[in-house]
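*Asks:* Got a structure for you, questions after.
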Amino acid sequence: MASLFLTRPGLRRAGFWPTQGPMDFTATLRRHTAETERGLDLFLPPATTRPERLHAAMRYSVQAGGKRLRPVLTLATAELCGAQPDAALAAAVAIECLHTYSLIHDDLPCMDNDDLRRGRPTVHKQFDEATALLAGDALLTHAFGLLAESYASEPALAHALIRELAAAAGSQRLIGGQMEDLLAENQAATGAQLKFIHLNKTAAMIEAALVMGGLVGHADAAAIATLRQVGRKLGLAFQIVDDVLDATADTATLGKTAGKDAQAGKTTFVKLHGLAASRQLAQEHSAAATVALRRLKGDPAFLLALVESMAGRSH
C-alpha cells in the first residue's frame, strides 16, 4: 500500500518523498497499515452477527480502505514511546472506528449529502439512510467499549484513553467543529472561525491519535504535551492540503466528490487565502510539526517521514 500518500513519478525528485535511510518508510507504513487492517477485522463483530444488515454496513464502511492515518499515527507513536508489540492495536482500531462513524454521518443527506467515499458508494447509498445512521452510532459506541475492554487490566490507562477520545470527539471538538462548519456555509467566515473549525473538526482526532499512542507507551507529561502540539499543527496542515486537493484534484484521484466544498458554499483555506497562500500555510504547519517531533525521545524518523509525505500527498 505504498500509494497511500504519494505515488506519482517526480514527487521523489521534487523533494516530497521522504529520503530513504536506515528506516524504510514504505515498509514501515505497510506494516502499520497491515496491523490496522488485522485489528479492524479482529475487533469488529463479524458481518454475520445479528442484525446482519447493521454489522455488514459497519464493516462495509470501516473496511473500505482509506489512508488509515489516525491508527497509523497511534501505532507509530506507541512504538516510538516503547510500547510492547500490539499494545496499541485496540486503541488504533478504536480511533479508526470513531473516525469512520464521523465520515458516515458527514456524508448523510442532512449533512454534506455525498455519494462517494474512499472510492465507493457512501453507506447510505449502498444500504439506506437509516442503516447508515445506525452503523455510525454503533461504530461510535464500539470505540469506547473496545477501549474499556481491551485495557481493563490497566484501569488508569483505560480511563486516560477513554477520556482522551471522548474529549476529542465531543461537542467542543469534533462535533463542535462540524457544527461550526455547517453554520459557516454560504457565510463570510473569518480566519479565526476557519481555524476553530479545523482545529476541532480535523486536528482534534489527529491530536488524539498521537496522544493515545503516547499514553499506551506510558510517555511522560512533557512528551504528551509535545504530541498534542504535533497533532494540532499536523491536523491543520492535513486540512489545508485537503482543501487544496478539493479545489484542484479530480474525483477519481480523491476517491470522493471533488469540488464539493465550493458547491456547498463552505469556507475553506483556499476560499479565504487562495491556492498559493494555502500551500504555503500547509508547509509552515508541517514544518512546525516536524520541529516539535524532533524534541521527542527516541527515533521519530518514521513520523517525520509521514509528516513530509502528507504535505505532498495527491489524495
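The values are calculated or read from the model by the stated rules, or taken from the named source; none is laboratory data. Keep in mind that this is a model prediction, so the values were computed, not measured. Cβ atoms come from the backbone with ideal geometry, glycine included; neighbour counts cover every protein chain shown.
*Asks:* Restricting to the range 164-221, name every residue that is among the hydroxyl-bearing types (Ser, Thr, Tyr) and within 15 Å of the chain's Cα centre (by Cα).
*Replies:* Within the range 164-221, just Thr202 meets the criteria.
*Asks:* Identify all residues within the range 225-269 that are at pLDDT 85 or above, among the small types (Gly, Ala, Ser) and under 17 Å from Lys67 (Cβ atoms); write none if there are none.
*Replies:* Hits for the range 225-269 are Gly231, Gly235, Ala237.
*Asks:* Looking only at the range 132-154, how many residues end up being surrounded by 17 or more Cβ atoms within 10 Å (Cβ to Cβ) and of a type outside the set (A, V, I, L, M, F, W, C)?
*Replies:* Residues that pass the stated criteria total 4.
*Asks:* If you scan the range 50-106, which residues turn out to be over 19 Å from Phe144 (Cα atoms) and among the aromatic types (Phe, Trp, Tyr)?
*Replies:* Within the range 50-106, Tyr60 is the sole residue that qualifies.
*Asks:* Restricting to helices (runs of 4 or more DSSP H) lying wholly in the range 78-152: which have 1 or more residues that are within 28 Å of Phe302 (Cα to Cα)?
*Replies:* Values: elements: 89-107, 123-126, 129-150.
Result: 89-107, 129-150.
*Asks:* For residues that are crowded, with 19+ Cβ neighbours inside 10 Å and over 20 Å from the mean Cα position of the chain (by Cα), tally how many sit in the range 99-131.
*Replies:* Selection size over the range 99-131: 3.
*Asks:* I'd like to know if the range 155-177 contains one or more residues that are among the acidic types (Asp, Glu), surrounded by fewer than 19 Cβ atoms within 10 Å (Cβ to Cβ) and assigned to a helix (DSSP H, G or I).
*Replies:* no
*Asks:* Kindly provide the set of residues from the range 64-98 that are among the polar types (S, T, N, Q) and within 15 Å of the chain's Cα centre (by Cα), ordered by number.
*Replies:* Thr74, Thr77
*Asks:* Right, here's the next one. Between a residue in the range 73-84 that is under 17 Å from Leu304 (Cβ atoms) and free of Cβ contacts under 8 Å to residues at least 12 places away in the same chain and any residue that is assigned to a helix (DSSP H, G or I) and polar (S, T, N, Q), which pairs come within a Cβ distance under 9 Å, given they are 6 or more apart or on different chains?
*Replies:* none
*Asks:* Met23 versus (1) surrounded by fewer than 23 Cβ atoms within 10 Å (Cβ to Cβ); (2) within 16 Å of Leu210 (Cα to Cα): which is the lone unmet condition?
*Replies:* Only one criterion is unmet by Met23, namely (2).
*Asks:* Continuing with this model, one more query. State all residues of the range 49-68 that are hydrophobic (A, V, I, L, M, F, W, C) and buried (at least 23 other Cβ atoms within 10 Å of the Cβ); if no residue qualifies, say none.
*Replies:* Start the filter on the range 49-68 by keeping residues that are hydrophobic (A, V, I, L, M, F, W, C), which leaves 54, 56-58, 62, 64.
Correct list: Ala57, Met58, Val62.
*Asks:* Under 6 Å by Cβ, and 6 or more places apart or on different chains, what pairs join a residue from the range 289-315 that is under 18 Å from Thr226 (Cα atoms) with one that is assigned to a loop (DSSP other than H, G, I, E, B) and at pLDDT 95 or above?
*Replies:* Leu293/Pro300
*Asks:* In this structure, does Arg232 turn out to be free of Cβ contacts under 8 Å to residues at least 24 places away in the same chain and under 27 Å from Tyr151 (Cβ atoms)? Explain how you work it out, then say what you get.
*Replies:* Numbers: free of Cβ contacts under 8 Å to residues at least 24 places away in the same chain: no; under 27 Å from Tyr151 (Cβ atoms): yes.
So Arg232 does not fit the description; no.
*Asks:* Hey, another quick one. Looking only at the range 275-287, filter to residues that are within 19 Å of the chain's Cα centre (by Cα) and surrounded by 18 or more Cβ atoms within 10 Å (Cβ to Cβ); which one of those is farthest from His198 (Cα to Cα)?
*Replies:* Checking each candidate, the answer is Ser286.
*Asks:* Looking at this structure, is Asp115 touching a strand residue (DSSP E or B) at 6+ places or on another chain (Cβ under 7 Å) and either without any contact (Cβ under 8 Å) to a residue 12 or more places away in the chain or more than 15 Å from Met58 (Cβ to Cβ) (or both)?
*Replies:* Answer is yes for this residue.
*Asks:* Kindly provide the set of residues from the range 201-218 that are surrounded by fewer than 24 Cβ atoms within 10 Å (Cβ to Cβ) and not charged (D, E, K, R), ordered by number.
*Replies:* Going residue by residue through the range 201-218, those that are surrounded by fewer than 24 Cβ atoms within 10 Å (Cβ to Cβ) are 201-202, 217-218.
Correct list: Thr202, Gly217, His218.
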